[in-house]
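Written out below as structure tokens is the structure these notes cover.
The values are calculated or read from the model by the stated rules, or taken from the named source; none is laboratory data. Treat the numbers as computed from the prediction; the structure is a model and nothing was measured. Please note: Cβ atoms are built from the backbone with ideal geometry, for glycine as well, and neighbour counts cover all protein chains shown. Heavy atoms of the whole protein, side chains included, go into the accessibility calculation; ligands, DNA and RNA do not. Shrake-Rupley method; radii C 1.70, N 1.55, O 1.52, S 1.80 Å.
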Amino acid sequence: MSPAPPNVLYLHSPDTGRYVQPYGHPVPTPNIQRLADQGVAFRRAFCAVPTCSGSRACLLTGQYGHNNGMMGLAHRGWSLNDYQQHLVHPLHAAGYHSVLIGEQHIAKRPDIIGFDRVVKIDTTHVESVAPMAIDIISEPIEQPFFLSVGFFETHRDWLGPSSVRDALYSTPPPNLPDRPETRRDMAAYKASARSLDHGVGMVLEALDEQGLADDTLIIFTTDHGLAFPGSKATLFDRGLGVMLVLRGPGGFSGGKVHDALVSHLDIYPTVCELAGIPPPAFLQGHSLLPLFRGEATALRDMLFAEMTWHAAYEPQRAVRSERFKYIRRFGSRTRPVLANCDDSPSKSLLMSYGWGDREVPFEQLYDLIFDPNEAANVAGDPRYADALAELRGRLNRWMEETDDPLRHGDPRPPPGAEINLPDQISAGEPTVRVE
């Protein structure tokens with residue numbers, strides 16, 4: 001007799017990157033640490049698109065952004081090509097009861113996604129989401145279930161540092177200068193992360209109290225990197241790198257750490273395998289389970305990622321191997337697209353030193369062993385000519401194999417989409433509506 005399919009709890013936050021306690025950062029998140037201590041933390045997990053809607057769409061369809069249709073932001077007019085490809089649909093066909101609570105950001109109207117129940121709440125902050133999640137879990141919830149719990153923390157809507165001490169001593173991300181502005185900015189993020197951790201703890205406690213923990217696969221992740229310059233909406237590791245902690249059936253236990261290169265695309269096929277569902281033919285990731293059955297030590301030798309629109313058009317593609325990262329920018333623009341970086345004290349500091357006038361190369365190659373912060377572009381160094389040629393070729397083949405529309409020129413936004421212009425400074429400036 002085959003085991004009963006596990007419940008699935010998808011816990012997620014925006015803009016967190018890997019800046020939580022289990023990844024070694026001085027951000028006190030004891031509940032997230034507890035989850036890692038009981039499950040498996042993937043140290044080298046990456047999103048496929050470093051933007052809010054694009055990343056979530058890739059995880060929930062198991063496809064790259066240019067294949068699932070989410071090449072921009074849902075609230076600005078983009079949508080999935082086919083909402084029937086969302087993970088909730090094969091789960092529903094297999095008898096799962098699905099509930100959506102809080103943040104989702106892949107549809108203007110959440111009722112079109114396909115959940116059995118969409119819970120209406122006042123906000124998507126912890127104060128509203130966590131109590132409702134507890135109520136749903138305690139009703140009791142119908143099993144097996146797929147429960148999506150999305151928090152708005154740690155999106156850049158921070159109230160500020162929670163203490164003077166944090167504002168004085170917090171260390172900014174390593175690609176930013178250590179200045180009062182960046183320290184205070186990081187302290188404000190940490191305060192939001194602590195709120196996120198509180199919400200996670202409340203939901204985990206509800207699972208324990210209802211005796212559901214052992215039968216539930218918990219997927220805890222974020223969409224992309226921190227909302228700081230050089231992270232979110234970039235193809236650097238600090239933009240693509242995400243926390244990913246799994247706990248539950250399938251070998252996701254024991255406080256293990258895994259170093260395989262894994263993608264958000266791998267979540268969908270993993271859930272399908274655990275639930276006993278044939279994986280749809282459109283999936284572009286790999287189940288994680290062979291790593292835990294001892295059948296493989298790696299799932300891939302290359303990871304691919306893309307960026308097309310965030311607030312404004314900034315077409316880029318990237319491929320990452322164990323050692324190298326290759327980023328290719330398309331079009332003719334040679335300066336940063338500042339509207340794609342969230343407004344912040346850190347952004348203002350860089351702009352005061354002329355960030356907007358700095359040239360951005362069309363090809364970038366980084367040796368991640370000797371340059372993990374991706375600061376020294378070696379694309380023009382003859383010693384790296386072979387690596388450059390290999391990754392350039394791999395990226396071109398991937399774009400061909402996945403029929404990337406960028407190969408044929410600039411893709412057009414969908415009618416009605418709202419976009420910023422590349423020369424604008426902020427996403428808050430007036431947008432242009434595509435006719």
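Scanning the range 341-370 for residues that are open to solvent by less than 50 Å² (accessible area, probe 1.4 Å), under 29 Å from Leu388 (Cβ atoms) and among the hydrophobic types (A, V, I, L, M, F, W, C) returns Cys341, Leu350, Val360, Leu365, Leu368. Which number in (1) modelled with pLDDT under 95; (2) in contact with a Ser or Thr (Cβ under 8 Å, 6 or more places away or on another chain); (3) under 19 Å from Ala206 (Cβ atoms) marks the one condition that Glu139 misses? The number of the failed condition is (2). For Glu390, the criteria (1) open to solvent by less than 90 Å² (accessible area, probe 1.4 Å); (2) more than 16 Å from Tyr313 (Cα to Cα); (3) in contact with a strand residue (DSSP E or B) (Cβ under 9 Å, 6 or more places away or on another chain) hold in every case but one, which is (1).
Going by the structure shown, is Pro315 in a strand (DSSP E or B) and not β-branched (Val, Ile, Thr)? Walk me through how you get there before you give the answer.
On the way: in a strand (DSSP E or B): yes; not β-branched (Val, Ile, Thr): yes.
Yes, satisfied.
Going residue by residue through the range 79-101, is there one that turns out to be closer than 23 Å to Ile419 by Cβ, polar (S, T, N, Q), at pLDDT 95 or above and over 18 Å from the mean Cα position of the chain (by Cα)? Yes, the range 79-101 contains at least one residue that is closer than 23 Å to Ile419 by Cβ, polar (S, T, N, Q), at pLDDT 95 or above and over 18 Å from the mean Cα position of the chain (by Cα).
Scanning for something surrounded by 15 or more Cβ atoms within 10 Å (Cβ to Cβ), over 19 Å from Ala311 (Cα atoms), of a type in the set (Gly, Ala, Ser) and out of contact with any Gly (no Cβ under 6 Å at 6 or more places or on another chain), does the range 321-340 turn up at least one residue? Checking the range 321-340: at least one residue is surrounded by 15 or more Cβ atoms within 10 Å (Cβ to Cβ), over 19 Å from Ala311 (Cα atoms), of a type in the set (Gly, Ala, Ser) and out of contact with any Gly (no Cβ under 6 Å at 6 or more places or on another chain). Does the range 403-410 contain at least one residue that is open to solvent by 20 Å² or more (accessible area, probe 1.4 Å), in a helix (DSSP H, G or I) and touching a residue at least 24 places away in the same chain (Cβ under 8 Å)? Yes, the range 403-410 has at least one match.
Screening the candidates Leu246, Leu265, Leu283 for the property of being closer than 15 Å to Val49 by Cα and either assigned to a loop (DSSP other than H, G, I, E, B) or within 19 Å of the chain's Cα centre (by Cα) (or both) yields one hit, Leu265.
Applying the condition of being more than 14 Å from Asp266 (Cβ to Cβ) and in contact with a strand residue (DSSP E or B) (Cβ under 8 Å, 6 or more places away or on another chain) to the range 41-53 and asking which residue is most open to solvent (accessible area, probe 1.4 Å) yields Arg43.
The number of residues in the range 64-79 being open to solvent by less than 10 Å² (accessible area, probe 1.4 Å), assigned to a loop (DSSP other than H, G, I, E, B) and under 15 Å from Leu265 (Cβ atoms) comes to 1. Note on the range 168-189: residues that are open to solvent by 20 Å² or more (accessible area, probe 1.4 Å) and either touching a residue at least 24 places away in the same chain (Cβ under 8 Å) or small (Gly, Ala, Ser) (or both) total 7.
Of all the residues in the range 13-28, those that are open to solvent by less than 20 Å² (accessible area, probe 1.4 Å), touching a Gly at 6+ places or on another chain (Cβ under 9 Å) and assigned to a loop (DSSP other than H, G, I, E, B) number 4.
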